[in-house]
1. In the list Val104, Val118, Val51, which residue meets the criterion of being closer than 14 Å to Ile23 by Cα and among the aliphatic types (A, V, I, L, M)?
2. Find the residue count for the stretch 6-29, including only residues that are buried (at least 18 other Cβ atoms within 10 Å of the Cβ) and either under 13 Å from Phe49 (Cα atoms) or assigned by TED's automatic domain parsing to the domain that holds Ala228 (or both).
3. Just to be sure before I move on: is Leu44 touching a residue at least 40 places away in the same chain (Cβ under 8 Å) and within 27 Å of Thr245 (Cα to Cα) in the structure I sent?
4. I need the helices (runs of 4 or more DSSP H) fully contained in the stretch 103-167, keeping only those with at least 2 residues that are loosely packed, with under 14 Cβ neighbours inside 10 Å.
5. Within the stretch 198-214, is even one residue among the charged types (D, E, K, R) and more than 16 Å from Asn19 (Cα to Cα)?
6. If you take the residues in the stretch 86-102 that are without any contact (Cβ under 8 Å) to a residue 40 or more places away in the chain and over 17 Å from the mean Cα position of the chain (by Cα), which one is surrounded by the most Cβ atoms within 10 Å (Cβ to Cβ)?
7. I'd like to know if the stretch 179-187 contains one or more residues that are of a type in the set (A, V, I, L, M, F, W, C), part of a strand (DSSP E or B) and either under 27 Å from Cys126 (Cβ atoms) or outside the structural domain of Val68 (by TED's automatic domain parsing) (or both).
8. State whether the residues of the stretch 242-252 include one that is touching a Phe, Trp or Tyr at 6+ places or on another chain (Cβ under 8 Å), within 24 Å of Ala132 (Cα to Cα) and modelled with pLDDT of 95 or more.
Amino acid sequence: MQLSLYQIDAFSSKVFAGNPAAICPLERWLDDATMQAIAAENNLAETAFFVPEGDGFGLRWFTPTVEVDLCGHATLASGWLLLNRLQPTRDRITFQTRSGALIVTRDGKRMVMDFPSVPAEPVAPCPGLIEALGAKPSAVLASRNYLVVYDAAETVRRLQPDLAGIAKADRFGVIVTAPGDGGYDCVSRFFAPARGVPEDPVTGSAHCTIVPYWAKRLGKPDLLCRQASPRGGDLYCRDRGERVTLAGDCAFYMQATIEI
């Protein structure tokens, strides 16, 4: 069997930055074990698979070790691939996913996603979390992920967390964030070592939690967010109450053929 495979750097206008996503268009779903094996072989934070469903597509995402319920950068990259290479006459794609319908539209060269808002509430951190991060925060909140808030962007950039300790956290992953600098409203990083993602370069799904927090704190709906991983990426975001808009650029890197 031969399958097409694409790799696109999401949330960046140039290659070798942003978050690389592998995308495998299918005519019909493969069995789960095969899709998980392909994702493990790719060894990227996410591999996306999509199949035609009505006027849109079914979309699923796999890390190297597990299937996940929500992924932003691989959705952005899948939308870019369809709207720019596979179905360029369209301006809108609807993906049916474990997190409901996710819509990707075109705004010039930039892709725009409509995602659910996932606000966090203050919590007590699980034992060992702060020690694993290596710096005392000003606040700890949680929803699907921990949202750990610091006072300075430089603190977030300099963190060198104990990933083995982070892997013991009782949430999917850990977001660290702080007020932005250099024209950004906020900065963040994201760690999910227990799910096969030690540090994710740019995490769209994490901004479903980051955006409502900073929109409320800063008193404005529109945010320019920077994920301060070594690769780094920019997200153009809007808080819309129960939904958030996440927009970004994509850079095409590779087209290949899988033989299995």
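The values are calculated or read from the model by the stated rules, or taken from the named source; none is laboratory data. Since this is a predicted model, take the numbers as computed values, not measurements. Methodologically, a virtual Cβ is constructed for each residue, glycine included, from the backbone with ideal geometry; neighbour enumeration extends over all protein chains shown.
1. Working: Val104 fails: closer than 14 Å to Ile23 by Cα; Val118 fails: closer than 14 Å to Ile23 by Cα.
Of the residues listed, the single one that is closer than 14 Å to Ile23 by Cα and among the aliphatic types (A, V, I, L, M) is Val51.
2. 7
3. no
4. By residue number, 153-158.
5. The answer is no; no qualifying residue exists.
6. Filtering first and then ranking leaves Ile93.
7. Filtering the stretch 179-187 down to residues of a type in the set (A, V, I, L, M, F, W, C) leaves 186-187.
Still in the running and part of a strand (DSSP E or B): 186-187.
Of the ones still in play, those that are also either under 27 Å from Cys126 (Cβ atoms) or outside the structural domain of Val68 (by TED's automatic domain parsing) (or both) are 186-187.
The answer is yes; a qualifying residue exists.
8. Checked against the condition, which is being touching a Phe, Trp or Tyr at 6+ places or on another chain (Cβ under 8 Å), within 24 Å of Ala132 (Cα to Cα) and modelled with pLDDT of 95 or more, the stretch 242-252 yields no hits at all.
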